Every structure is written in C-alpha cells, then in structure tokens.
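Report on the structure given below.
The values are calculated or read from the model by the stated rules, or taken from the named source; none is laboratory data. Being a predicted model, the structure only gives us computed values, none of them experimental. Cβ sites come from the backbone with ideal geometry, for glycine too, and all protein chains shown count toward neighbours.
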Amino acid sequence: MIKFGVAGNSNSFYEEGFNKTVDAAKWCKDRSIDVFEYSFGRGVNLSTSSANEIKDAFQHEGVELTVHAPYYINLSNTDDEMIRKSFGYIINSINKASELGANRIIIHPASQGKLQRNVAEEIMLDNIKKLIEILDINNITNVLLCWETMGKVGQMGTVDEIIKICKLDDRFIPCVDFGHINAREQGILNNAKNYNTLLQKLIINLGFNKVVNMHAHFSKIEYGIRGEIRHLTFADSKYGPDFEPLIDELINLKLKPLIICESDGTQAEDTITMKRYYLSNYKILDGSLEQKYPLL
C-alpha cells in the first residue's frame, strides 16, 4: 500500500496546544497518518537522548520516521573543504537517523551556481562516487539515500539528473517531488498522461524494484520563470499540481511509495485528503482491502 505522511507539524498541531515532536507520534496515529518526516534542514543538532525518546514514541504508535538532511548540502561545490562539510552533513544525518530508527534520508543534491550545467553535473556525480566510498568504508548499508528532484532552475536535481545519481548505487532511490517538478517545468503535471510519462520514465531507467517503494514529496507550489517560489496548500486552485491523477497512475502502475505532504501549514489535513482518496479508489480496484481507517 501507499503510505502517506507529513513533513513536520501542521499549524493545527500547535493550535491544539502541542509543541514537541514526541507528541506528534500519537497525534499522527490518531489521524491515520503513516509517516513523519523529521527535518534537519537547518542542521543536525538533535541530542541522542531526544532522538531515543522520539524513536520510542513513534515506534510505540506505529508511525514511521524519515529524515531530511540539511538543505545546504552542495555536491557541485568546487571548494574541497565545502565538499567535506557536505559529506559530513550526510553522514551525520545517517547517524542521527539511526538513533531515530529511520532508514530513509532525503538529500538535496547540489546547486549549479555559476558553473555550466554539464560541469556542475560532472562535479556532482564525481563527488557522489566519493560519497559511496565513504559509505562503504564506514560499512553503512542499511539506509536508503533519497535524492530529491528540485524545484528551482538553478538547483541540480532534474528528473534526468536524479536518475543518473540513483543508478550509481543500490542504496540510492529517487525522492520524486511532484510539486518541484511541476514548478520547474511550468505546470507540466496537469493531467494523468504526463504523470504516467514521468513514472514510466523512472521505471524504464531505474527498474521497477527501485521505483516501486520510492520516496515522494507532494504539495502545490507557486512558481515563476525560474521555478519554485513558495509552497501552498490544497486550497490553491491556480498552480497545482493536483494529486488525484497522480494517485490514479500510482495505483495503475502498482507503485507503493511513501508520499510526504509538504503543504504550507496544512500538511496533516492535506495528507488525510490524499489518503481518503487513495483508500476509496484502492477498495474499488482491489476488493481484498477490508481494513478500516479512522480518518478524521
């Protein structure tokens, strides 16, 4: 089955008087939210004791945890010291994910900066090969590094670039951010056919086994000529993309990703909306699903 989750806590979580991540475990479970993505976007600064407390709470409630590595990783940097720092951010994220009981680490690969695109790509791929050596030397095996498609033109992370990265190692899978792709490509994900073309491209190039349980992000995103501007909520009717044709195509292709909602402040509510739609259609297509979910 597809699993649906949230990137951090919704506004409603705080409005109900909660403020600690450990409280999000039961809060998510009560709403049938399957996954919680913990962000180290501003740095890996969670203590071991706090990580263990969060791990215990989420495991008790049966809510899966994933981890987002720092946003400022840049594997196309030409400064060797900055590359070493990026490697460090990734390894620290992996280690902290282990303390949290998570095995998926989502990574923004790089920025193009002032480099030519092909040069930035070559540097990025070369550094990722060095990262593989670091993973091997440290015997880091039980992880999935999820390389994210990015929403701004100046960022590395087109679908083709993510495919090239994911071909390099069995521990690499795509994090397909459908909102980012839609923003970068000026609203391309506006029908089921285009979703199907994208998903088929991933399957053809990476193989079904690497794509079937891939990571995914979803949100509606405002965009301009240079791509992503800001995340929106499902109330938006201008920018998209819409989730219904995506879920239809995922069902048709028998794909079962983790989909993390990144709506601006309404991620829990929008996650529930997606899961409701999925379950109703899954029951139509597969009568064997009889489990009931107490969705609010």
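Can you find a residue in the range 246-258 that is aliphatic (A, V, I, L, M), assigned to a strand (DSSP E or B) and without any contact (Cβ under 8 Å) to a residue 60 or more places away in the chain? No: zero hits.
The residues of the range 1-53 that are out of contact with any strand residue (DSSP E or B) (no Cβ under 8 Å at 6 or more places or on another chain), within 19 Å of Met274 (Cα to Cα) and charged (D, E, K, R), listed by number, are Lys29, Asp30, Arg31. In the range 215-240, the residues that are more than 22 Å from Glu37 (Cα to Cα) and assigned to a strand (DSSP E or B) form no Cβ pair under 9 Å with any partner that is of a type in the set (Val, Ile, Thr) and modelled with pLDDT under 95, whether six or more places apart or across chains. Mind checking whether some residue in the range 106-127 is surrounded by fewer than 18 Cβ atoms within 10 Å (Cβ to Cβ) and under 30 Å from Asn52 (Cα atoms)? Scanning the range 106-127, I find no residue that is surrounded by fewer than 18 Cβ atoms within 10 Å (Cβ to Cβ) and under 30 Å from Asn52 (Cα atoms), so the answer is no. For the range 243-265, the candidate set comprises residues that are among the acidic types (Asp, Glu) and more than 17 Å from the chain's Cα centre (by Cα); within that set, the residue that is surrounded by the most Cβ atoms within 10 Å (Cβ to Cβ) is Glu249. If the condition is being of a type in the set (Lys, Arg) and within 23 Å of Tyr239 (Cα to Cα), then the range 177-227 contributes Arg184, Lys193, Lys220, Arg226.
Looking across the range 68-101, just one residue is under 20 Å from Arg117 (Cβ atoms) and acidic (Asp, Glu), and that is Asp79. Considering the range 29-82, the residues that are of a type in the set (S, T, N, Q) and closer than 20 Å to Ser10 by Cα include one that is surrounded by the fewest Cβ atoms within 10 Å (Cβ to Cβ), namely Ser39. Screening Ala268 against (1) touching a strand residue (DSSP E or B) at 6+ places or on another chain (Cβ under 9 Å); (2) in a helix (DSSP H, G or I); (3) surrounded by fewer than 21 Cβ atoms within 10 Å (Cβ to Cβ); (4) among the hydrophobic types (A, V, I, L, M, F, W, C) leaves a single unmet condition, (3). One residue stands out in the range 82-129 among those that are polar (S, T, N, Q) and assigned to a helix (DSSP H, G or I): the one that is farthest from Thr21 (Cα to Cα), namely Asn118.
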